[in-house]
C-alpha cells in the first residue's frame, strides 16, 4: 500500500519528575490507496487507517488489528520515519487487515518529530509523511 499520512507527536518527560522533554509518537493516520498485489487485497480501493499509540490499527473498511513492534531501523537516507516491522497479535473484521500476520513500513519520507526539544509539557505537533506498507500472511517477511 502506498500511503500518505500524518504522524502525531506529543511532548513527554525524559524521566519521571524531570524537566527535560522529548517528542514521543502519539499515533498516525494514513490515507492509502490499496493496490491489488495478492490475496490480502481483492480490489483496488481507497482506505483510511488510524494507528493508535498502543499500535492498534483501525481501517475504514471495518478491519482492525493489534500489533507489537518486532524491529525498527533508521531509514537509509535519514530523511524519513523509521522502517518498522509489526507482528499482528489479534485481528477482527473482514477488510484489508484481515489475514495479515505482519505489517512492514518501508520507503518512508518525512514523518519525523521536530529536531529541537519541546518547549512545554503537553505540546503536540503533526508532520506529514509518505510510506509503503506491506501486509504479509503467515510467514515473517
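The values are calculated or read from the model by the stated rules, or taken from the named source; none is laboratory data. The structure displayed is predicted, hence computed values, not measured ones. All Cβ positions, glycine included, derive from the backbone under ideal geometry; neighbour counts span all protein chains shown.
Taken as a whole, the structure places residue 110 among residues that are within 17 Å of the chain's Cα centre (by Cα), on the phi > 0 side of the Ramachandran plot and at pLDDT 90 or above. Under 7 Å between Cβ atoms, at least 6 apart or on separate chains: pull out the pairs that start in the stretch 75-103 with a residue that is on the phi > 0 side of the Ramachandran plot and modelled with pLDDT of 90 or more and end on any residue that is surrounded by 14 or more Cβ atoms within 10 Å (Cβ to Cβ) and assigned to a strand (DSSP E or B). Qualifying pairs under 7 Å: 93/64. Here are some conditions: (1) part of a loop (DSSP other than H, G, I, E, B); (2) without any contact (Cβ under 8 Å) to a residue 40 or more places away in the chain; (3) more than 21 Å from residue 129 (Cα to Cα). Residue 53 meets all but one. Which one does it not meet? (3) is the only condition that residue 53 fails.
Residue 118 satisfies every condition listed in (1) farther than 30 Å from residue 19 by Cβ; (2) modelled with pLDDT of 90 or more except (1). The sole residue among 40, 30 that is at pLDDT below 90, touching a strand residue (DSSP E or B) at 6+ places or on another chain (Cβ under 9 Å) and outside any strand (DSSP E or B) is 40.
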